[in-house]
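Worksheet: the structure to be examined is printed underneath.
What follows draws every value from the coordinates through simple rules; no lab data is involved. This is a predicted model, so every value here is computed, not measured. We place every Cβ from the backbone using ideal geometry, glycine too, and count neighbours over all the protein chains shown.
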Amino acid sequence: MYRNYYIFGQTLIDKIVVMAGIPNRFTFQFEGEHHLRQLVAAGRGGILLSAHLGNWEVAGHLFTRLQTRINIVMFDGEHERIKQYLSGVTGERNVNVIVIKDDLSHIYAINDALGNNELVCMHADRFMEGNKTVEARFLGAEARFPAGPFLLAATFRVPVSLVFAFKESASHYHLYATPPREYHGRRQQGVQEAAGDFVAVLEEKVRQYPEQWFNYYDFWE
């Protein structure tokens, strides 16, 4: 637990340093960046799914070199304060925040972003009580995950890539992106397939980087 909290603190500092453009000695290994370039080149937009694992913010900031706008989907609440704080620290970036609202206006914003060949990024490993969920076997037991991200993947039928970034030393990060996949067929089937793919890769990465699992959440009943 000590190492988990210690690395978590390091990643919080790292992402501000990287996003603010402060001179540093960070090095990065991109594994699968060509998959994301392929996704952008297809001209249909794409969805990037990640989790509270590793340091997604570092990956999201560096993926701006893909030369397309990035949209981050998050729940309503602290988004304005977070956005203002980061803008003050890091300056304006090619990033747009799409807030999930009860009136479903975020669905139209996501549709517009994808129609403009932009990337839509969201976490798919945490949900709020009352949200629809999908069950999948995770780390040896049945666990619940938010249905929303997988429903979007099955509804919009755009390429989906799973993206993670992990701290491998004091100054080196390893970024991963999976080959894009589309989820066609019946919507429920697409949701189950998208969730299954996500959970399989998530479990693989959690086992590979167990001390960088920062989702302090009760998945299991």
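Structure values in brief
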read-out: Segment 12-68 versus segment 122-156: alpha-carbon centroid distance in Å; value: 23
read-out: Normalised alpha carbon radius of gyration of the chain [divisor 2.2 N^0.38 Å]; value: 0.98
read-out: Student exercise, the chain dipole from Lys, Arg, Asp, Glu Cβ charges, in Debye to nearest 20; value: 480
read-out: Where Cα atoms sit under 18 Å apart: lysine pairs in the chain separated by 8 or more or lying on different chains; value: 5
read-out: Helix-only CD estimate at 222 nm, as mean residue ellipticity for the chain, using -39500 (n - 2.57) per DSSP H run (n ≥ 4); value: -12500 deg cm²/dmol
read-out: Cleavage-rule hits (chymotrypsin sites (Phe, Trp or Tyr not before Pro)) in segment 165-207: DSSP loop, at most 16 neighbouring Cβ within 10 angstrom; value: none
